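J.: The structure that follows is given in the form of structure tokens.
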């Protein structure tokens with residue numbers, strides 16, 4: 001499958017953040033529809049902004065970001081959160097759209 005320009009740019013930004021051992025990463029508003037699995041290599045990341053994209057799912061590798069304290073998933077088209085999000089035990093702030101939450105809650 002051919003990856004679009006937004007995906008390729010996100011991958012370049014992620015690789016740069018890995019190399020620089022960044023603790024903050026913003027991919028806000030890039031029209032990303034798929035997040036590269038390499039995001040899980042950012043083990044030192046504490047703050048991740050993925051808001052304002054067109055993500056419908058997240059990779060399981062997101063659960064490898066065990067130092068994450070802030071995660072912004074707002075303004076996306078998420079249908080489900082990966083089970084691995086439960087591994088983010090340091091998470092203090094999760095911003096997500098109500099629709100995503102409602103789709104996962106059964107009454």
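J.: Return the residue satisfying two criteria in turn: it lies in segment 60-95 and is within 15 Å of residue 27 (Cα to Cα) and within 10 Å of the chain's Cα centre (by Cα), and of such residues it is surrounded by the fewest Cβ atoms within 10 Å (Cβ to Cβ).
T.: 72
J.: Would you say residue 5 is touching a residue at least 12 places away in the same chain (Cβ under 8 Å), surrounded by fewer than 16 Cβ atoms within 10 Å (Cβ to Cβ) and out of contact with any strand residue (DSSP E or B) (no Cβ under 9 Å at 6 or more places or on another chain)?
T.: Details: touching a residue at least 12 places away in the same chain (Cβ under 8 Å): no; surrounded by fewer than 16 Cβ atoms within 10 Å (Cβ to Cβ): yes; out of contact with any strand residue (DSSP E or B) (no Cβ under 9 Å at 6 or more places or on another chain): yes.
No; evaluated as a whole, the condition is false for this residue.
J.: Another question, if that's okay. Residue 55: out of contact with any helix residue (DSSP H, G or I) (no Cβ under 8 Å at 6 or more places or on another chain), in a loop (DSSP other than H, G, I, E, B) and either within 20 Å of residue 7 (Cα to Cα) or at pLDDT below 95 (or both), yes or no? Even if it seems obvious, please write down each step before you answer.
T.: Values: out of contact with any helix residue (DSSP H, G or I) (no Cβ under 8 Å at 6 or more places or on another chain): yes; in a loop (DSSP other than H, G, I, E, B): yes; either within 20 Å of residue 7 (Cα to Cα) or at pLDDT below 95 (or both): yes.
Spelling it out, residue 55 is indeed out of contact with any helix residue (DSSP H, G or I) (no Cβ under 8 Å at 6 or more places or on another chain), in a loop (DSSP other than H, G, I, E, B) and either within 20 Å of residue 7 (Cα to Cα) or at pLDDT below 95 (or both).
J.: Applying the selection to segment 58-90, what residues are part of a loop (DSSP other than H, G, I, E, B) and touching a helix residue (DSSP H, G or I) at 6+ places or on another chain (Cβ under 8 Å)? Walk me through it before giving the result.
T.: Applying the first criterion (part of a loop (DSSP other than H, G, I, E, B)) to segment 58-90 yields 58-59, 65-69, 73-82, 88-90.
Selection gives 58, 59, 65, 66, 73, 76, 78, 79, 80, 81, 82, 88.
J.: Sticking with this structure for a sec: Take the residues in segment 8-30 that are part of a loop (DSSP other than H, G, I, E, B) and either without any contact (Cβ under 8 Å) to a residue 24 or more places away in the chain or under 13 Å from the mean Cα position of the chain (by Cα) (or both), then tell me which one is surrounded by the most Cβ atoms within 10 Å (Cβ to Cβ). Walk me through it before giving the result.
T.: Pass one, segment 8-30, residues part of a loop (DSSP other than H, G, I, E, B): 21-23, 27-30.
This time we only want the ones that are either without any contact (Cβ under 8 Å) to a residue 24 or more places away in the chain or under 13 Å from the mean Cα position of the chain (by Cα) (or both), so: 21-22, 27-30.
Details: 21: 10, 22: 17, 27: 23, 28: 15, 29: 12, 30: 17.
Once the filter is applied, the top-ranked residue is 27.
J.: Go through segment 36-52 and report how many residues are in contact with a helix residue (DSSP H, G or I) (Cβ under 7 Å, 6 or more places away or on another chain), over 18 Å from residue 83 (Cβ atoms) and surrounded by 18 or more Cβ atoms within 10 Å (Cβ to Cβ).
T.: In the first step, residues of segment 36-52 are kept if they are in contact with a helix residue (DSSP H, G or I) (Cβ under 7 Å, 6 or more places away or on another chain); the result is 36-43.
From the residues that got through so far, the ones that are over 18 Å from residue 83 (Cβ atoms) too are 36, 38, 41-43.
Imposing the further condition that a residue be surrounded by 18 or more Cβ atoms within 10 Å (Cβ to Cβ) reduces the set to 36, 42.
Counting residues in segment 36-52 that are in contact with a helix residue (DSSP H, G or I) (Cβ under 7 Å, 6 or more places away or on another chain), over 18 Å from residue 83 (Cβ atoms) and surrounded by 18 or more Cβ atoms within 10 Å (Cβ to Cβ) gives 2.
The values are calculated or read from the model by the stated rules, or taken from the named source; none is laboratory data. A quick note: this is a predicted structure, and the numbers were derived from the prediction, not measured. Glycine gets a Cβ as well: all are built from the backbone with ideal geometry, and neighbour counts include every protein chain shown.
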